[in-house]
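Below is one structure, written out as structure tokens; comments come after it.
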């Protein structure tokens with residue numbers, strides 16, 4: 001049963017990644033056939049690294065130790081996750097555009113001291129879209145701001161935690177919830193086709209009910225008082241290709 005659940009979530013997550021790649025490729029191909037009337041690129045595609053600083057939502061090592069009846073100082077909670085960020089943007093004018101934003105992050109949300117192994121791995125994929133305002137100057141610098149709205153899919157893998165008085169099993173679980181990103185960044189133009197996104201900072205809101213999420217993973221109803229939304233920060237940087 002656990003293997004079937006894991007395969008289901010892996011298949012679902014791969015479907016999200018394929019959709020993101022297909023969308024960005026489609027917009028890029030359209031852009032390659034559009035001739036701009038001025039120096040403003042009609043289409044631009046961004047891809048790069050992102051770091052997400054996550055709001056724990058009240059989850060702590062003490063909470064997990066209490067639920068699992070583990071020895072003190074056994075568990076902790078991660079707050080920083082590595083991942084990627086990609087965008088496909090259509091510019092209707094020099095200052096206004098529409099952007100589709102895709103992202104993914106990976107890691108273990110629960111940490112542990114030595115002697116304990118088998119903690120579940122987590123991942124999340126997001127799809128957001130919305131308007132972007134850019135300020136294009138004669139210089140190579142282009143600052144921008146955007147407001148993006150969409151969904152995020154958060155998943156936790158099946159696992160067996162060992163090194164405790166009794167092994168604890170988790171089942172594969174996932175949740176799809178509303179998400180939004182408010183922020184902006186700065187691009188530095190290197191050539192007609194390429195720019196570097198020096199930095200992009202977003203307030204990244206997610207609406208994951210951590211109580212039901214972890215209850216589902218651990219097969220219990222003991223997670224209480226955790227947040228039903230999270231206020232996170234996302235930092236991204238990478239390469240922009242312009243058409």
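The numbers here are math on the coordinates, done by the rules we state, and not lab data. For clarity, every value in this text was computed on a predicted model and none was experimentally measured. As a convention, Cβ positions derive from the backbone with ideal geometry for all residues, glycine included, and neighbour counts pool all protein chains shown.
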Per residue Cα convex hull volume in Å³ - calculated over segment 47-129: 109
Overall Cα dimensions of segment 110-197, principal axis frame, Å, largest first: 66, 28, 19
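Can you tell me what percent of all Cα-Cα pairs in segment 96-243 are more than 28 Å apart?
Roughly 36 percent, once rounded to a whole number.
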Burial ranking of peptide ranges 199-209, 72-82 (average Cβ count within 10 Å, highest at the top): 199-209, 72-82
Segment 171-223 versus segment 95-154: alpha-carbon centroid distance in Å: 5
